[in-house]
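The next block holds one structure in the form of structure tokens; read it before the comments.
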Amino acid sequence: FTFSLILLGIGILGITLGEGAAGDWMTLGFVEGFNTSGANAGVGFTLFFVGMVVVRFFGGAWADKIGKGRALQILAAIGVAGILLVIFGAPNLYIGWIGAALWGAGVALGFPLFLSAAGEGENSARRVGFVASWGYGAFLAGPPLLGLLADSLGMLNMFYVIAGFLFIALLVAGAAGNKK
């Protein structure tokens, strides 16, 4: 496997961890970090998915226009900003909700675009399988490891780790190329 393929694997790991962690920990982060009700936490979680749906619906054409790598860089930056708004927004629920929507938008196309980039070239099935394994590894190992970190650091402080992984995805996203 080439170095660029490993970078794609690292990128999908980081962005998939960001996506999966929201599903596992965002509502609890709102309840604990914002001292709010489960219903208000559910609004944040819903806005996360609204951000994802909007970008998944409209983002493909945009990514085709500017290239996979550039789109991944921009979206990962939006995701990092969203996570930081969730962290620093406490206790202002409205800022947290905006952050949740940006977090969702930021991770929405990560998995498909990193896999699409992996599928370019020879041995595409093997390449896609290799990169997908990194992503599914994040889905498998991420939740319990992040939970352990949340126990020792606090829920919103653990979100810094998620932002860090998303930032790493931003740094390696260029490996996806900017072919149109």
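Among residues of segment 125-139 being modelled with pLDDT of 95 or more and of a type in the set (A, V, I, L, M, F, W, C), the one that is surrounded by the most Cβ atoms within 10 Å (Cβ to Cβ) is Val131. Do we have any residue at all in segment 104-120 that's out of contact with any helix residue (DSSP H, G or I) (no Cβ under 9 Å at 6 or more places or on another chain), open to solvent by 40 Å² or more (accessible area, probe 1.4 Å) and assigned to a loop (DSSP other than H, G, I, E, B)? No: zero hits. Right, Phe57: part of a helix (DSSP H, G or I) and without any contact (Cβ under 8 Å) to a residue 24 or more places away in the chain or not? Considered against the rule, which asks whether it is part of a helix (DSSP H, G or I) and without any contact (Cβ under 8 Å) to a residue 24 or more places away in the chain, Phe57 comes out as yes.
Among the residues of segment 147-171, those that are hydrophobic (A, V, I, L, M, F, W, C) and either open to solvent by 20 Å² or more (accessible area, probe 1.4 Å) or over 22 Å from Leu75 (Cα atoms) (or both) comprise Leu148, Leu149, Ala150, Leu153, Met155, Leu156, Val161, Phe165, Phe167, Ile168, Leu170, Leu171.
Entry remark, segment 83-96: residues being in a helix (DSSP H, G or I) and either polar (S, T, N, Q) or crowded, with 24+ Cβ neighbours inside 10 Å (or both) number 3 in total. With respect to (1) open to solvent by less than 10 Å² (accessible area, probe 1.4 Å); (2) closer than 20 Å to Gly174 by Cβ, the lone exception for Val80 is condition (1).
Remark: pairs (first residue in segment 1-19, surrounded by fewer than 24 Cβ atoms within 10 Å (Cβ to Cβ); second residue acidic (Asp, Glu) and part of a helix (DSSP H, G or I); Cβ separation under 8 Å; 6+ apart in sequence or on different chains) are absent.
The values are calculated or read from the model by the stated rules, or taken from the named source; none is laboratory data. Source: prediction; values computed, not measured. Cβ atoms come from the backbone with ideal geometry, glycine included; neighbour counts cover every protein chain shown. Heads up: the accessible areas ignore ligands, DNA and RNA and are worked out on the full protein's heavy atoms, side chains in. Shrake-Rupley method; radii C 1.70, N 1.55, O 1.52, S 1.80 Å.
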